[in-house]
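As structure tokens, the structure follows; a few thoughts come after it.
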Amino acid sequence: MFDEIRDLYQEVVFDHNRNPRNFRVMDDATRKIDGFNPLCGDRITLYVKVNDNVIEDVSFQGSGCAISTASASLMTEIVRGHTEEETHGLFELFHKIVTGEDTRTNFDELGKLAVLAGVRAYPARVKCATLAWHSLEAALKEDAETVSTE
Amino acid sequence: MTLSLNVIKIRQDFPILNETIHGRPLVYLDNAASTQKPKAVLDTLRHVYEHDYANVHRGVHTLSQRATDLFEGARKKVKDFINARKIEEIIFVRGTTEAVNLVAQSYGRSKLQAGDEILITAMEHHSNIVPWQILCQQTGAVLKVAPINLSGEIIMEEFEALLNERTKLVSVVHMSNALGTINPVKRIIEVAHAKGIPVMLDGAQAIPHMAVDVQDLDCDFYAFSGHKLCGPSGIGVLYGKETLLKAMPPWQGGGDMIRMVTFDKTEYNTLPYKFEAGTPAIAEAIGLGAAVDYLQAIGMDKIAAYEQQLLEYATTKALEIPSLKVIGTAKVKGAILGFTLHHIHPHDIGTMLDQLGIAVRAGHHCAMPVMDFFGVPATARASFSFYNTTEEVDTLIDGIKQIIEVFG
Ligand SMILES: Cc1ncc(COP(=O)(O)O)c(C=O)c1O
């Protein structure tokens, strides 16, 4: 019944939505930021521990749709151990692909984020997929205000 | 169930209902956001542009006269539709939002002072909150909010207790877009008037679903949008009692709203033109007139009765789904079914229903304080119109069940 939509709601997405990874408060975070998508009410609190330019740990709390929860969960897994520059580069690539600015059809470079590439066919949902990433970008810039995807 | 309208026939009036979405017949259940347009309205728009179009109120030529007659004819239709006393009381605006802003900036700014109060309710659309907040910033007035209960009904005792000698205006939604609640506006107006306080009603949702008689209600202002009433977007109506409108200063300046201009002094035009600066939405107003004709031919009371049947049918079916929670359970309610599903976010519901051709809204419905009150980030909302069918309700319910299944 929902065949076509399976490119958006892949099993991995359901899995991360049901059991989000790194879904916890981090007491020794070096940065903490609140993200908000006013359009749908998704909220995220992101905790980041940066040590010597390297992201040692990321976790999050909040409530959102399956796409935004899975995206946040996958993000926390993928950026850990990377430098701030590498993380920024990955954000840029991910953002370009989900907004359709980058029209490639091979998503190997995205690693496990590739399951979210299908979002590009659903413009109304791009903000869901990028909320956690915008929040992370802001946290890395030490821009402590609430970020909003609007 | 015997239905009180011949929906099959009515549906033939709406060309868009033949659309398929993702290969399935469109099931349009987002009527609270905007309604679809019957052929009568579409034909009118086309006819105006092909045969009767020119600017209004300013030409000696035949076409301008024709356009003016049609435009003013539409005003008369609207006047009769809501049973206003006079056509001077019908101000054409862009929509409900503009109507509220007009009252806030013209009536509010000229009447309110620091410490005065404006009373609204906890179930207002942002367009009946923000214009008053702006007014409060400008004047030092204070915005007061009457609370609602868990069914989504105004708590009348608390509302009455908030009316006092500082209250200068009450503005209340007639029917809530997020909850469906139909407010006891007659009672609200009675108690406010007993204290000499004028009342504005946001009729954006009420007007498509029931007969509205502004004289019977005795409201002081009534606002609504054409696009939610099977009419075009870009046109709406502010009704105001003549005595109030007369005393109000103009809001915007420009052409059409003046009688005489010199660089020293300007004399304003009479009602309703005093509040209609600039070239109005001409074809849209005429289109609204056609929508009013169309709805009146069906009958607002029949529409209301049929939609109640649909709502009852939909609510009963929805409540059979264990993980579904209805948000907005007022005793007196219009055909809006707001709901949440345990563990499935409304946004996901919206995207998945769309795959099945079903258009619903998912989000906060421009009523964030309502979402906060019910402790949800958002709801999914199916909002019905008289052209919806019980079969479409079945499709919706079946779709919801499928979503629950894939989410596991
Ligand atoms: C209750 C209510 N008030 C006001 C509005 C604003 O109407 P418009 O956007 O047409 O100005 C809406 C429409 O969403 C509404 O539902």
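The values are calculated or read from the model by the stated rules, or taken from the named source; none is laboratory data. Because the structure is predicted, anything quoted here is derived from the model rather than measured. Note: ideal-geometry Cβ built from the backbone for every residue, glycine included; neighbour counts use all protein chains shown. We work out accessible area using only protein heavy atoms, side chains counted, and drop any ligands, DNA or RNA first. Shrake-Rupley method; radii C 1.70, N 1.55, O 1.52, S 1.80 Å.
So which of B:ALA104, B:ALA74 is under 12 Å from B:VAL237 (Cα atoms), buried (at least 16 other Cβ atoms within 10 Å of the Cβ) and not hydroxyl-bearing (Ser, Thr, Tyr)? Even if it seems obvious, please write down each step before you answer.
On the way: B:ALA104 fails: under 12 Å from B:VAL237 (Cα atoms).
Every option except B:ALA74 fails the conditions.
Scan the stretch B:340-356 residue by residue and report those that are over 25 Å from the mean Cα position of the chain (by Cα), more than 9 Å from chain A (Cβ to nearest Cβ) and not hydrophobic (A, V, I, L, M, F, W, C).
Within the stretch B:340-356, just B:HIS342 meets the criteria.
Taking the stretch A:11-32, which residues are open to solvent by less than 60 Å² (accessible area, probe 1.4 Å) and closer than 16 Å to A:SER71 by Cβ? Working first, answer last.
Of the stretch A:11-32, the ones open to solvent by less than 60 Å² (accessible area, probe 1.4 Å) are A:12-17, A:20, A:22, A:26, A:29, A:31.
Selection gives A:VAL12, A:VAL13, A:PHE14, A:ASP15, A:HIS16, A:ASN17, A:PRO20, A:ASN22.
What about B:PRO377, is it in a loop (DSSP other than H, G, I, E, B) and touching a helix residue (DSSP H, G or I) at 6+ places or on another chain (Cβ under 7 Å)? Steps first, please.
On the way: in a loop (DSSP other than H, G, I, E, B): yes; touching a helix residue (DSSP H, G or I) at 6+ places or on another chain (Cβ under 7 Å): yes.
The answer is yes for B:PRO377.
Pick from B:ALA277, B:ALA283, B:ALA314: which is in a helix (DSSP H, G or I) and assigned by TED's automatic domain parsing to the domain that holds B:ARG58? Give the steps one after another, and end with the answer.
Values: B:ALA277 fails: in a helix (DSSP H, G or I); B:ALA314 fails: assigned by TED's automatic domain parsing to the domain that holds B:ARG58.
It is B:ALA283.
Within the stretch B:15-34, how many residues are touching a strand residue (DSSP E or B) at 6+ places or on another chain (Cβ under 9 Å) and open to solvent by less than 90 Å² (accessible area, probe 1.4 Å)? If you could, list the steps in order and put the result at the bottom.
Step one: of the stretch B:15-34, the residues touching a strand residue (DSSP E or B) at 6+ places or on another chain (Cβ under 9 Å) are B:16-19, B:21, B:24, B:26-34.
Subset that is open to solvent by less than 90 Å² (accessible area, probe 1.4 Å): B:16-17, B:21, B:24, B:26-34.
Of the residues in the stretch B:15-34, 13 are touching a strand residue (DSSP E or B) at 6+ places or on another chain (Cβ under 9 Å) and open to solvent by less than 90 Å² (accessible area, probe 1.4 Å).
Does B:ALA330 count as away from every other protein chain (no Cβ under 14 Å), modelled with pLDDT of 95 or more and either surrounded by fewer than 24 Cβ atoms within 10 Å (Cβ to Cβ) or part of a loop (DSSP other than H, G, I, E, B) (or both)?
Details: away from every other protein chain (no Cβ under 14 Å): yes; modelled with pLDDT of 95 or more: yes; either surrounded by fewer than 24 Cβ atoms within 10 Å (Cβ to Cβ) or part of a loop (DSSP other than H, G, I, E, B) (or both): yes.
So B:ALA330 fits the description; yes.
Does any residue in the stretch B:111-138 that is within 21 Å of B:PRO184 (Cβ to Cβ) and open to solvent by 10 Å² or more (accessible area, probe 1.4 Å) come within less than 6 Å, Cβ to Cβ, of a residue that is of a type in the set (A, V, I, L, M) and within 11 Å of the ligand (Cβ to nearest atom) six or more places away or on a different chain, and which pairs are these?
Listed pairs, sorted by first residue: B:HIS125/B:ALA367.
A:GLY118 - would you say it is within 14 Å of chain B (Cβ to nearest Cβ), more than 19 Å from A:ASP42 (Cα to Cα) and in a helix (DSSP H, G or I)? First the steps, then the outcome.
On the way: within 14 Å of chain B (Cβ to nearest Cβ): yes; more than 19 Å from A:ASP42 (Cα to Cα): yes; in a helix (DSSP H, G or I): yes.
Answer is yes for this residue.
Restricting to the stretch B:302-319, what's the tally of residues that are under 13 Å from B:LEU337 (Cβ atoms) and either free of Cβ contacts under 8 Å to residues at least 40 places away in the same chain or surrounded by fewer than 17 Cβ atoms within 10 Å (Cβ to Cβ) (or both)?
Looking only at the stretch B:302-319, we keep the residues that are under 13 Å from B:LEU337 (Cβ atoms), and these are B:307-308, B:310-319.
Applying the additional criterion that residues be either free of Cβ contacts under 8 Å to residues at least 40 places away in the same chain or surrounded by fewer than 17 Cβ atoms within 10 Å (Cβ to Cβ) (or both) yields B:308, B:312, B:315-316, B:319.
Qualifying residue count for the region: 5.
Since A:PRO38 meets every condition but one in (1) open to solvent by less than 40 Å² (accessible area, probe 1.4 Å); (2) touching a helix residue (DSSP H, G or I) at 6+ places or on another chain (Cβ under 6 Å); (3) touching a residue at least 60 places away in the same chain (Cβ under 8 Å), which condition does it not meet?
(2)
Out of the residues in the stretch B:233-244 meeting the condition of being surrounded by fewer than 24 Cβ atoms within 10 Å (Cβ to Cβ) and in contact (Cβ under 8 Å) with a residue 60 or more places away in the chain, tell me which one is farthest from B:ARG11 (Cα to Cα). Before you say what the answer is, go through the steps one by one.
From the stretch B:233-244, those surrounded by fewer than 24 Cβ atoms within 10 Å (Cβ to Cβ) are B:233-234, B:241-244; that's our starting set.
Cutting the leftovers down to in contact (Cβ under 8 Å) with a residue 60 or more places away in the chain gives us B:233-234, B:241-242, B:244.
Values: B:SER233: 21, B:GLY234: 24, B:LYS241: 37, B:GLU242: 39, B:LEU244: 41 Å.
Among them, the one singled out is B:LEU244.
Of A:ARG18, A:ARG104, A:ARG31, which residue is at pLDDT below 95 and in contact with a Gly (Cβ under 9 Å, 6 or more places away or on another chain)?
Answer to the selection: A:ARG18.
Residues of the stretch B:378-398 being within 12 Å of another protein chain (Cβ to nearest Cβ) and surrounded by 23 or more Cβ atoms within 10 Å (Cβ to Cβ), which ones?
Correct list: B:ALA378, B:THR379, B:ALA380.
Is at least one residue of the stretch B:55-62 of a type in the set (Gly, Ala, Ser) and surrounded by 15 or more Cβ atoms within 10 Å (Cβ to Cβ)? Reasoning before the result, please.
Of the stretch B:55-62, the ones of a type in the set (Gly, Ala, Ser) are B:59.
Narrowing the set further to residues that are surrounded by 15 or more Cβ atoms within 10 Å (Cβ to Cβ) leaves none.
No, there is no match, as no residue in the stretch B:55-62 is of a type in the set (Gly, Ala, Ser) and surrounded by 15 or more Cβ atoms within 10 Å (Cβ to Cβ).
Within the stretch B:258-301, which residues are exposed (fewer than 14 other Cβ atoms within 10 Å of the Cβ) and of a type in the set (D, E, K, R)?
Across the stretch B:258-301, the qualifying residues are B:ARG259, B:ASP264, B:LYS265, B:GLU267, B:ASP301.
Please list, ordered by first then second residue, the pairs with beta carbon atoms under 6 Å, 6 or more apart or interchain, first in the stretch B:86-102 and touching a residue at least 24 places away in the same chain (Cβ under 8 Å) and on the phi < 0 side of the Ramachandran plot, second open to solvent by less than 10 Å² (accessible area, probe 1.4 Å) and part of a helix (DSSP H, G or I).
What qualifies is B:ILE87/B:ARG75; B:ILE90/B:ARG75; B:ILE90/B:VAL78; B:PHE92/B:ALA285; B:VAL93/B:ALA99; B:VAL100/B:ASN128; B:VAL100/B:PRO131; B:ASN101/B:PRO131.
Matching residues to (1) modelled with pLDDT of 95 or more; (2) open to solvent by less than 50 Å² (accessible area, probe 1.4 Å):
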{"position": "A:TYR47", "(1), (2)": "yes, yes"}
{"position": "A:ASN51", "(1), (2)": "no, no"}
{"position": "A:VAL58", "(1), (2)": "yes, yes"}
{"position": "A:GLN61", "(1), (2)": "yes, no"}
{"position": "A:SER73", "(1), (2)": "yes, yes"}
{"position": "A:THR76", "(1), (2)": "yes, yes"}
{"position": "A:THR83", "(1), (2)": "yes, yes"}
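In this structure, does B:GLY328 turn out to be touching a helix residue (DSSP H, G or I) at 6+ places or on another chain (Cβ under 9 Å) and within 16 Å of the ligand (Cβ to nearest atom)?
Working: touching a helix residue (DSSP H, G or I) at 6+ places or on another chain (Cβ under 9 Å): yes; within 16 Å of the ligand (Cβ to nearest atom): yes.
Yes; evaluated as a whole, the condition is true for this residue.
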